[in-house]
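Quick notes on the structure that follows.
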Amino acid sequence: MFSVVIPTFNREKLLSRCLQSVLGQSFRDFEVVVADDGSNDGSRAIVDEHVRREPRLRYVFQENKGAGDARNLGAAEARGRYLTFLDSDDEVLPCWLEVLERELNRSDASIVCCGIAWHDSLGQCVQERIPEVLGEGLPPQQGHYRSGTFAIDRKVFEEIGGYASGLAANQHSELRCRLELAARHLGWTVSCLPDVLIRAHDHDGPKIRKNTYDVFRSAEFILTKYRSLMRENRQTYGNWASACAGAAAKSGRFRDARLWFGRALGAQPTRIRYYARYIVATIPGLRSYVWCKQSTEVDSVSL
């Protein structure tokens, strides 16, 4: 029924928690494909230890190309009717696949989405988010396309060409844009659940949000390529443009930051904080203090 694809890169200290949560599912008709994106730590040994006890678990390896390419590698090896993609630093509740399977059968949807909760380094829940709009179709703001929050018919995934190759960050959001555009013509449906079934954890290990330049370039790519789609929802476009500008500023690219803060203002001219950020981005010294002295981690946004 399901192929759970887990991309990973140098997360030997986190991988066991993720695998144990998946292998402990109440629904048993699934396989797990760990797609290693060139790890040089002990990740392979961690997987091998679990493989000896669990025949449904498989391991594939590629030289480092990025998480999107690793997910595509895992999907190419998968045998399940539905695919779901779980990051190796996250974990799932024991009923995760059971709830998704029940909704897939009930709704006959091509995609089913659920909610996610973020936990800090102490294990405390700091935020929960569920799909904003319920029902069928893929209108703006519907669905959730983060780690583990969606199961997709493998034929649909293959029809749109999988994840974008070479995109360093925001791979789920880029995939979501192509799903939106294709669904309008091909009649694919999505069903959204209010259940929070994923636990995302803060940690000090490798994560793409620390690379502010890659986050900026990927956000700029999406905003440019899917401009018409994203501008259908002014709030979505404004949030994305502001996040793109913030990543540019933290990378020291203040000309790009001013450009994207300006576009965020064009979408949402009543957002006072956008004016403040634009002004700060024009003042040498102050702008470096505000952004470059901050944490290099960038908050992500989703459609």
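Between 0 and 90 degrees, rounded to the nearest ten: what's the tilt of helix 171-186 against the longest Cα principal axis of the chain?
Taking the Cα atoms of the chain, the angle to 171-186 is about 80 degrees.
Pull up the DSSP beta bridges for the chain and report the antiparallel fraction as a percent, rounded to 5.
35
Residue-wise, which Karplus ³J(HN,Hα) couplings in Hz belong to the range 221-231, taking 6.51 cos²θ - 1.76 cosθ + 1.60, θ = phi - 60°, and x for glycine or proline?
Using θ = phi - 60°, the values come out as 4, 5, 4, 7, 5, 10, 4, 4, 4, 6, 6 Hz.
Can you bin the range 208-292 into rounded, prolate or oblate? Criterion: square roots of the alpha carbon gyration tensor eigenvalues sorted a ≥ b ≥ c, rounded for a/c under 1.5, prolate for a/b above b/c, oblate for the rest.
The shape class here is oblate.
What length, rounded to one decimal in nm, is gained on full extension from Cys125 through to Asn64, with 0.36 nm per residue of separation minus their alpha-carbon distance?
Residue separation times 0.36 nm, minus the Cα-Cα distance, leaves 18.8 nm.
Mind checking the dipole of the chain: about its Cα centre, +1 per Lys or Arg Cβ, -1 per Asp or Glu Cβ, Debye to the nearest 20?
That gives the chain a dipole magnitude of about 1260 debye.
Can you work out ³J(HN,Hα) from phi for every residue in the range 146-157, in order, using Karplus 6.51 cos²θ - 1.76 cosθ + 1.60 and θ = phi - 60°, giving whole Hz and x for Gly and Pro?
For the range 146-157, the Karplus curve yields 10, 3, x, 8, 9, 10, 10, 4, 4, 5, 5, 4 Hz.
By count of other Cβ within 10 Å, fewest leading, how are Cys113, Cys125, Cys244 ordered?
Fewest-to-most ranking of Cys113, Cys125, Cys244: Cys125, Cys113, Cys244.
Sum up the lysine pairs in the chain that clear both bars: alpha-carbon distance under 17 Å and a spacing of 8 or more or different chains.
6
Looking at the chain as a GNM with Cα springs under 10 Å, which of Ile283, Ile111, Ile222 has the largest mean-square fluctuation?
Of Ile283, Ile111, Ile222, the most mobile in the Gaussian network model is Ile283.
Can you list residues from other chains, or at least 5 along the same chain, whose modelled amide H is less than 5 Å from the amide H of Gly143?
Glu132, Val133
Which is the longest part of the chain that has none of the trypsin sites (Lys or Arg not before Pro) sitting in a DSSP loop with at most 11 other Cβ atoms within 10 Å?
Here the longest run is 80-292.
Could you tell me how many degrees, from 0 to 90 and to the nearest 10, lie between the Cα long axis of helix 254-267 and the main elongation axis, the longest principal axis, of the Cα atoms of the chain?
Long axis of 254-267 versus the principal axis of the chain: about 80 degrees.
Report, by chain and number, residues whose modeled amide H sits under 5 Å from the one on Leu193, excluding near sequence neighbours (fewer than 5 apart, same chain).
Close amide H contacts, sequence-distant or interchain: Cys113, Cys114.
If I take R0 = 35 Å and measure r between the Cβ atoms of Ile283 and Asp202 in this structure, what FRET efficiency does the formula 1/(1 + (r/R0)^6) give, to the nearest 0.05?
Efficiency, from the Cβ-Cβ distance: 0.65.
Relative to the first principal axis of the alpha-carbon coordinates of the chain, what is the inclination of helix 234-250, with its axis defined by its Cα atoms, in degrees from 0 to 90 and to the nearest 10?
80
For each of Leu229, Leu100, count neighbouring Cβ atoms within 10 Å of the residue's Cβ, then give the residues from fewest to most.
Least to most surrounded, the residues fall as Leu229, Leu100.
Return the label of the correct value of P(r) over Cα pairs in 10 Å bins from 0, in percent, as calculated from the structure shown, out of [x] 6, 21, 22, 16, 12, 7, 5, 4, 3, 2, 2, 1, 0; [y] 6, 23, 28, 21, 14, 6, 2, 0; [z] 6, 27, 34, 23, 8, 1.
Recomputing P(r) over Cα pairs in 10 Å bins from 0, in percent here picks out [z].
Explain nothing, just the number: relative contact order of the range 2-201, from Cα pairs under 8 Å at least 6 residues apart, as a whole percent.
Across the range 2-201, relative contact order equals 26 percent.
Within a 10 angstrom radius of the beta carbon, how do Ser3, Ser16 rank from fewest other beta carbons to most?
The order, fewest Cβ neighbours first, is Ser16, Ser3.
In terms of modelled amide H atoms, which long-range or inter-chain residues lie less than 5 Å from the amide H of Asn10?
Ser39, Asn40, Asp41
Each residue of the range 36-44 in turn: what ³J(HN,Hα) in whole Hz from Karplus with 6.51, -1.76, 1.60 and θ = phi - 60°, glycine and Pro shown as x?
Couplings: 7, 8, x, 4, 10, 9, x, 4, 4 Hz.
Just so you know, all these numbers are worked out from the coordinates, no wet-lab data involved. Predicted model, so just to flag it, every value in this text is computed and none were measured. Note: ideal-geometry Cβ built from the backbone for every residue, glycine included; neighbour counts use all protein chains shown.
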